[in-house]
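Report on one structure; see the data block that follows.
None of the figures in this text is laboratory data; all of them are computed from the coordinates on show. Predicted model only: the values in this text are computed from it and were never measured. Because the Cβ atoms are built from the backbone with ideal geometry, glycine has one as well, and the counts that use them run over all protein chains shown.
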Amino acid sequence: EVKAIHYHPENTICDCCQCQMTEIGTTIVREEAEFIPARMEKVQHIEHAYECKNCKADLSQKAQIKRGKSPQPPIQRSIAGPSVLAKVIYDKFVQYLPLYRQVKEWERYGLNTNDKNLSNWVIRASHDWLLPIYERMKNIMLEKSILHVDETYGQIINRSDGKSGQSNAYNWVYRSVPCQGPTIVLFQSSLSRARSVLEGFIEDYSGTIVCDGYSAYDKIEGITFANCWAHVRRYWLKADSKNGRIGVKYCDELFRLEREFKHLSPSKRRKKRQKHSKPLVDEFLAWVENSPFYGKNALAKAAEYTLNRANGLKAFLDDGRIEIDNNPAENAIRPNVIGRKNWLFSVSEAGAKANAICLSIAETAKANGVDFYQYLVKLLRDLPNLDIHRNPEIINNYLPWSKTIQAECVK
């Protein structure tokens with residue numbers, strides 16, 4: 001929208017002959033942005049009732065009454081409408097603005113609240129309306145044959161396992177690959193980094209998991225683990241020596257080849273890897289195995305790390321869909337790391353779970369080109385008025401890549 005401000009001379013009488021002057025042109029001197037602050041409106045939903053006076057006068061039949069029906073709110077008996085809830089969630093998980101800092105901003109708009117209220121709103125909205133989307137995306141994700149997985153620490157103050165609130169909790173991230181349909185990014189909050197957390201999430205999944213060298217990523221039935229070459233490179237980079245630089249050079253050459261193969265189809269990429277990358281990997285592993293790297297120095301650690309994961313490091317050679325590194329998962333988990341610096345901690349496990357659900361919806365929406373705020377408003381406005389529990393297939397129309405959402409919520 002363009003607003004024009006016009007400036008005319010104070011008087012348009014000629015100083016010379018005193019005649020009325022005629023306008024001969026205009027010049028746009030500058031354009032500037034003007035910020036118009038948001039404002040809060042109280043919306044009353046009023047149901048009107050009607051009755052038929054004619055039927056009422058006839059005592060032989062029942063009086064006819066009709067009532068207008070208002071839509072269901074996302075949270076019963078709460079002042080928070082869909083747009084307010086969406087704004088709270090958007091500001092926390094996209095703008096990284098913690099709830100306690102949102103309180104004063106809401107007061108400026110005219111809504112008096114507190115951070116406990118905001119927290120309860122996020123938890124309720126997440127559990128009731130975002131969780132069904134999350135669970136459907138999880139079911140779809142676990143049907144895919146390749147996943148990227150990573151984890152990072154967090155903090156939960158009130159823990160059910162009896163440990164101190166200062167103990168590390170963890171957020172796991174799972175990301176699908178673009179060559180297997182729409183990208184899905186899911187977060188999971190947990191109290192530990194144990195393998196049982198991964199097993200509990202993936203259940204009876206079978207396929208390939210691309211991951212770093214953490215020991216939880218190993219020996220799970222039905223799963224092939226593909227290890228990350230970026231982690232290998234970091235170990236050799238830490239071994240700041242002549243041999244360390246040789247190790248880094250091997251890794252760099254593999255990454256250079258991957259950049260060449262990036263835009264190829266999976267089948268063509270596999271053929272190129274077999275021809276060019278496989279001999280390089282075999283040469284590198286043979287060099288490490290035959291070199292006398294002993295002790296506890298950085299060089300020995302790099303060699304041990306590499307040889308212990310030799311099979312996982314070779315996995316990408318036999319499948320063109322597998323990436324050479326776990327960067328997709330590491331990039332996906334970055335919003336959680338940035339948010340952690342702002343949110344500091346979760347008070348409860350319910351709050352941590354709500355964070356994971358919201359981050360999942362936010363990052364999957366972003367990966368599919370969907371405006372997260374608009375998407376939230378639509379979910380929180382529509383889903384409370386649809387029988388998604390009796391007709392769960394309705395959820396398919398509200399996934400970020402669905403025709404409905406792509407038509408209405410794309411940036």
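Along Cα→Cβ, 7 Å out, is where each label goes; now give me the distance between the ones at Ser83 and Thr26 in nm to one decimal.
For Ser83 paired with Thr26, the spin-label model returns 3.1 nm.
List the residues, sorted by chain then number, that are 5 or more residues from Val347 or on another chain and whose placed amide H is less than 5 Å from its amide H.
The list, which skips near neighbours in sequence, is Ile157.
Enumerate the calculated ³J(HN,Hα) couplings along the range 235-240 in order (Karplus 6.51 cos²θ - 1.76 cosθ + 1.60, θ = phi - 60°), each rounded to whole Hz, writing x wherever the residue is Gly or Pro.
5, 6, 5, 5, 7, 6
Could you bin all the Cα-Cα distances of the range 229-325 into 10 Å bins starting at 0 and give me the percent of pairs in each, rounded to whole numbers?
Going from the shortest bin to the longest, the percentages are 16, 50, 25, 8, 0.
Express in whole angstrom the spacing between the alpha-carbon centres of the range 205-281 and the range 130-195.
The two parts, judged by their Cα centres, are 24 Å apart.
Holding the Cα-Cα limit at 20 Å, pick out from Lys242/Lys272; Lys144/Lys278; Lys262/Lys314; Lys138/Lys271 the pairs that are longer than that.
With Cα atoms farther than 20 Å apart: Lys242/Lys272; Lys144/Lys278; Lys138/Lys271.
In whole angstrom, and with the biggest value first, how far do the Cα coordinates of the range 256-411 range along each principal axis?
67, 42, 30
How long, wide and thick is the chain, going by the Cα atoms along their three principal axes, in whole angstroms, largest first?
The Cα atoms of the chain stretch 95, 93, 47 Å along the principal axes, largest first.
Ranked highest first by average number of other Cβ atoms within 10 Å, how do 76-84, 58-66, 37-45 line up?
Packing order, densest peptide first, comes out as 76-84, 58-66, 37-45.
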